[in-house]
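Worksheet: the structure to be examined is printed underneath.
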Amino acid sequence: MELHPYASLGEKIWHYAFYVICGLIFFFLIAPILTIIPLSFNAENFFTFTPGMLAFEADAYSLRHYQDFFTNSSWQQALANSVKIAPMATLLSVAFGTLAAVGLSQPHVPARRAIMAILISPMIVPLIISAAGMYFFYSRIGLQGTYLGVVLAHAALGIPFVIITVTATLVGFDTSLTRASANLGAGPVRTFFKVQMPLILPGVVSGGLFAFITSFDEVVVVLFVGSAGQKTLPWQMFIGLREQISPTILAVATILVTISILLLTTVELLRRRSERLRGMSPS
């Protein structure tokens with residue numbers, strides 16, 4: 001937001017007040033992260049800053065908690081479970097979410113607004129309610145405590161993100177391209193993969209990244225539908241807070257924050273690429 005040279009006094013005050021408010025909100029959101037990251041390098045088994053850390057003494061900082069994460073069998077098993085579950089849930093979310101978004105983008109689909117509302121409801125309904133519903137449903141069909149059950153549950157949570165991002169990409173899609181492809185003899189499947197998919201790919205990948213983050217960081221649903229064999233990384237962190245207070249949680253949290261930042265940076269780059277492909281951004 002630029003301040004034009006002929007702005008009034010009120011506009012100038014609002015201009016600077018706007019930046020102050022945005023800065024305070026940003027600080028409120030980022031302050032917990034800025035606290036956790038330095039504490040993960042604490043040489044002691046404390047969740048607080050020691051006098052040595054505040055004095056920036058080299059001996060007060062250590063990588064011992066990161067070492068514990070990479071050498072402890074419980075943490076590594078939880079990481080392995082997360083790595084097994086999240087990619088499969090992401091693939092299902094991307095497949096079903098993309099197909100749903102493409103189908104609902106067609107104007108002739110009846111009750112598409114109602115269908116859209118149902119499909120994105122996992123984002124709106126409180127997670128504890130979804131988890132309880134999945135628990136009772138899985139108990140009846142035999143998926144409770146299974147790997148497939150956890151993957152399907154996480155896929156259901158990730159599908160709304162894919163639908164929203166792909167639908168946003170399809171808003172600027174030129175439908176005359178698909179008609180031209182059909183006139184040239186291409187079938188619907190070939191048209192989708194050769195014409196539509198390259199143009200909506202940034203939205204598909206962005207939705208997939210959001211679905212991956214959702215699955216990798218989710219703990220409530222897996223507590224309901226999973227078993228000890230599907231103990232994920234967030235579940236292990238929850239246990240560490242409830243049963244044994246271990247500063248290794250801070251190291252794991254820092255790693256997860258770093259991964260999330262990298263994935264969100266990728267999402268932003270893909271968003272800008274999508275705008276360039278649709279001619280919405282000059283560079």
Which lysines have a Cα lying under 19 Å from the Cα of K84, excluding residues fewer than 8 positions away in the same chain?
K231
Any idea what Rg and Dmax come out to for segment 147-212 if you just take the C-alpha atoms, in Å?
14.6, 45
Rounded to two decimals, what is Rg over Rh for segment 55-178 when you use alpha-carbon atoms and the Kirkwood radius?
1.17
Across all Cα atoms of segment 154-283, Rg and the largest Cα-Cα distance (Dmax), in Å, are 19.8, 66
At 15 Å minimum axial length over the Cα atoms and a Kyte-Doolittle cut of 1.6, report the qualifying DSSP H helices in the chain, or say none.
9-39, 147-170
Let me know the charge dipole size of segment 1-157 about its Cα centre in debye, to the nearest 20, where only the beta-carbon of Lys, Arg (+1) and Asp, Glu (-1) is charged.
800 debye
Gap in Å between the Cα centre of segment 73-95 and the Cα centre of segment 200-244?
8 Å
Here P(r) for segment 9-59, Cα-Cα distances in 5 Å bins, as whole percents, is 4, 17, 18, 13, 10, 10, 9, 8, 6, 4, 1
Ranked on Cβ counts within 10 Å of their own Cβ, fewest leading, S62, S181 go S62, S181
In nm, to one decimal, how far is the A114 label point from the N183 one, both placed 7 Å along Cα→Cβ?
3.7 nm
Cα-centre dipole for the chain with unit charges at Cβ (Lys and Arg positive, Asp and Glu negative), debye to 20
1200 debye
Calculated from the structure, Rg and Dmax of the Cα atoms in Å equals which of (i) 20.6, 68; (ii) 17.6, 52; (iii) 23.4, 74?
(iii)
If N is the residue count of segment 101-166, its Cα Rg over 2.2 N^0.38 Å rounds to 1.28
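All of the numbers you see were taken from the coordinates with simple rules; none came from a lab. In this text, all values refer to a predicted model and were calculated from it rather than measured experimentally. Counting neighbours? That spans all protein chains shown, and the Cβs are built from the backbone with ideal geometry, glycine included.
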